[in-house]
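A.B. asks: So that we are looking at the same thing, I have put the structure below in structure tokens.
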Amino acid sequence: MARTAATAYSADLASIHDAGFGYVAANAAVDLLKHLRRVRKRQPSGLVIDLGCGSGILSQAVSAAGYDVLGFDYSESMLALARKRAPRAEFRRESFIAAQLPSCVAIAAVGEVFNYLFDRRNRASRLPLVLRSMYQALTPGGLLLFDVATPGRVPGSAPLRGFSEGPGWTCLYAAEEDRRRMTLTRTITSFWKVGELYRRSREVHRLRLYPRNTMHQELRRVGFQVRPRTGYGRFRFPPGWVGFAAIKPRR
């Protein structure tokens with residue numbers, strides 16, 4: 001029987017995302033650790049915040065490198081995976097909109113975290129406030145590493161359809177972009193093997209799209225030194241997806 005998830009990333013889709021799409025976080029972790037090693041040469045120490053931590057792939061890599069990790073996510077199913085993967089890290093079920101950020105040496109928000117509209121408080125007007133709170137939490141020289149979906153994430157005017165599959169699971173998706181409202185809607189139908197049968201579930205994810213120039217300007221207005229990125233590690237962003245390395249200057 002089909003069921004529609006009441007919350008973001010229910011158990012089946014969380015497991016599918018972990019198994020089939022974790023390469024984005026894995027590559028981002030490589031870049032984040034390169035930065036930390038460069039600026040903190042003496043000894044790995046300090047807190048790294050993983051916003052939208054998902055199943056904890058980046059958190060695990062950073063924790064294993066000797067850093068303290070605090071992860072936030074809106075999905076309890078994702079957090080259950082993260083706690084198993086990175087037992088030394090601390091995880092909280094909170095939206096990045098409301099999370100109270102302690103002093104830290106780096107913040108990661110990997111996988112279009114700022115775009116998702118699971119939290120109704122995530123309005124475009126909140127973005128400057130969120131970026132300012134991150135700037136204030138970072139120590140001088142600290143890094144904010146993140147990516148966002150931009151207009152053109154769905155190429156052309158027709159909906160984008162596709163599928164992914166792995167051992168014991170299949171995921172079908174349709175993505176449609178509303179250029180006037182600057183939103184993207186993904187309808188995801190997943191099939192997870194249970195015994196000899198497959199359990200079917202369906203989720204609808206809505207995202208707000210941010211123009212690249214708008215995000216760049218907001219980061220600079222807050223005080224960050226900004227370096228746009230074309231990918232993480234060996235992973236290259238497709239059209240409509242852009243990353244940023246924003247550094248808090250040393251005074």
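The values are calculated or read from the model by the stated rules, or taken from the named source; none is laboratory data. Given the structure is predicted, the values throughout are model-derived calculations rather than measurements. Here the Cβ positions follow ideal geometry from the backbone for every residue, glycine too, while neighbour counts run over all protein chains shown. Surface accessibility is based on the protein's heavy atoms, side chains included, excluding ligands, DNA and RNA. Shrake-Rupley method; radii C 1.70, N 1.55, O 1.52, S 1.80 Å.
A.B. asks: List every residue pair whose Cβ atoms sit under 9 Å apart, with the two residues 6 or more apart in sequence or on different chains, where the first one lies in segment 135-161 and is closer than 21 Å to ILE188 by Cβ and free of Cβ contacts under 8 Å to residues at least 24 places away in the same chain and the second, anywhere, is open to solvent by less than 10 Å² (accessible area, probe 1.4 Å) and outside any strand (DSSP E or B).
C.D. replies: Hits for this filter: LEU160/VAL154.
A.B. asks: Next question, about the same structure. Got a sec? Which of LYS41, LYS84 is out of contact with any helix residue (DSSP H, G or I) (no Cβ under 6 Å at 6 or more places or on another chain), modelled with pLDDT of 95 or more and open to solvent by 60 Å² or more (accessible area, probe 1.4 Å)?
C.D. replies: Details: LYS41 fails: modelled with pLDDT of 95 or more.
None of the other options fit; the residue is LYS84.
A.B. asks: I would also like to ask the following. Is there a residue being open to solvent by 10 Å² or more (accessible area, probe 1.4 Å), within 11 Å of ILE49 (Cα to Cα) and of a type in the set (Gly, Ala, Ser) anywhere in segment 105-115?
C.D. replies: No, there is no match, as no residue in segment 105-115 is open to solvent by 10 Å² or more (accessible area, probe 1.4 Å), within 11 Å of ILE49 (Cα to Cα) and of a type in the set (Gly, Ala, Ser).
A.B. asks: Please find, within segment 201-251, the residue that is surrounded by the most Cβ atoms within 10 Å (Cβ to Cβ) out of those that are β-branched (Val, Ile, Thr), within 21 Å of ALA25 (Cβ to Cβ) and over 15 Å from the mean Cα position of the chain (by Cα). Spell out how you get there, then give the answer.
C.D. replies: Let us first name the residues in segment 201-251 that are β-branched (Val, Ile, Thr), namely 204, 214, 222, 226, 230, 242, 247.
If we keep only those that are within 21 Å of ALA25 (Cβ to Cβ) too, we end up with 230, 242, 247.
Next cut, over 15 Å from the mean Cα position of the chain (by Cα) only: 230, 247.
Working: THR230: 10, ILE247: 20.
Ranking the qualifying residues of segment 201-251, first place goes to ILE247.
A.B. asks: List the number of the failed condition for THR150; all other conditions in (1) out of contact with any Lys or Arg (no Cβ under 6 Å at 6 or more places or on another chain); (2) open to solvent by less than 20 Å² (accessible area, probe 1.4 Å); (3) of a type in the set (Val, Ile, Thr) hold.
C.D. replies: (1)
A.B. asks: Now for a separate question. Condition first: touching a Pro at 6+ places or on another chain (Cβ under 7 Å) and part of a loop (DSSP other than H, G, I, E, B). Now tell me which residues in segment 139-178 satisfy that.
C.D. replies: Residues satisfying the conditions are THR150, PRO151, GLY152, PRO155.
A.B. asks: Can you find even one residue in segment 54-76 that is charged (D, E, K, R) and open to solvent by 40 Å² or more (accessible area, probe 1.4 Å)?
C.D. replies: Of segment 54-76, the ones charged (D, E, K, R) are 68, 73, 76.
With open to solvent by 40 Å² or more (accessible area, probe 1.4 Å) added as a condition, the list becomes 68, 76.
Yes, that holds for at least one residue.
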